[in-house]
């Protein structure tokens, strides 16, 4: 088995901004058939991940569904923290981060300022060499 790391660039990632509404988040996750997405602030810096479960818990806890769906996702309580890897340290995804990465759908990759540059998806960690 040969280990590989493939970065999916930000332009191809279904990310969510803190200003997107809960409804926007549900729609984007459903359209892309995802259960989690990176969350970025208004400057594009990665601040965590938002999951479908986070969104469902938020809506269930609200008495007014209209208000719940209109709330920005930046105000939704998030569960698991998915710490990023710096752009120059992608090899670490295969080493020390592999145990953590197996618990998340993706590993976020950021530049020196914390801006999201892309993600490494869980199913891309290893490929089998042809026999």
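The values are calculated or read from the model by the stated rules, or taken from the named source; none is laboratory data. Just so it is clear, the structure is predicted and the values come from calculations on it, not from any experiment. Cβ placement follows ideal geometry from the backbone for every residue including glycine, while neighbour counts extend to all protein chains displayed.
Scanning region 53-72 turns up no residue that is at positive phi, exposed (fewer than 14 other Cβ atoms within 10 Å of the Cβ) and either within 15 Å of the chain's Cα centre (by Cα) or free of Cβ contacts under 8 Å to residues at least 60 places away in the same chain (or both).
Is it true that residue 77 is touching a residue at least 12 places away in the same chain (Cβ under 8 Å) and farther than 30 Å from residue 112 by Cα? Walk me through how you get there before you give the answer.
Numbers: touching a residue at least 12 places away in the same chain (Cβ under 8 Å): yes; farther than 30 Å from residue 112 by Cα: no.
No, not satisfied.
I'd like the residue in region 101-123 that is within 17 Å of residue 35 (Cβ to Cβ) and surrounded by fewer than 17 Cβ atoms within 10 Å (Cβ to Cβ) and, out of all such residues, is modelled with the lowest pLDDT. Step by step, filter region 101-123, then rank; the result is 123. With the condition kept exactly as written, say whether any residue in region 2-10 is touching a residue at least 12 places away in the same chain (Cβ under 8 Å), surrounded by 12 or more Cβ atoms within 10 Å (Cβ to Cβ) and within 13 Å of the chain's Cα centre (by Cα). Yes, there is a match, as at least one residue in region 2-10 is touching a residue at least 12 places away in the same chain (Cβ under 8 Å), surrounded by 12 or more Cβ atoms within 10 Å (Cβ to Cβ) and within 13 Å of the chain's Cα centre (by Cα). From the list 34, 15, the lone residue that is surrounded by 19 or more Cβ atoms within 10 Å (Cβ to Cβ), under 24 Å from residue 115 (Cα atoms) and at pLDDT below 95 is 15.
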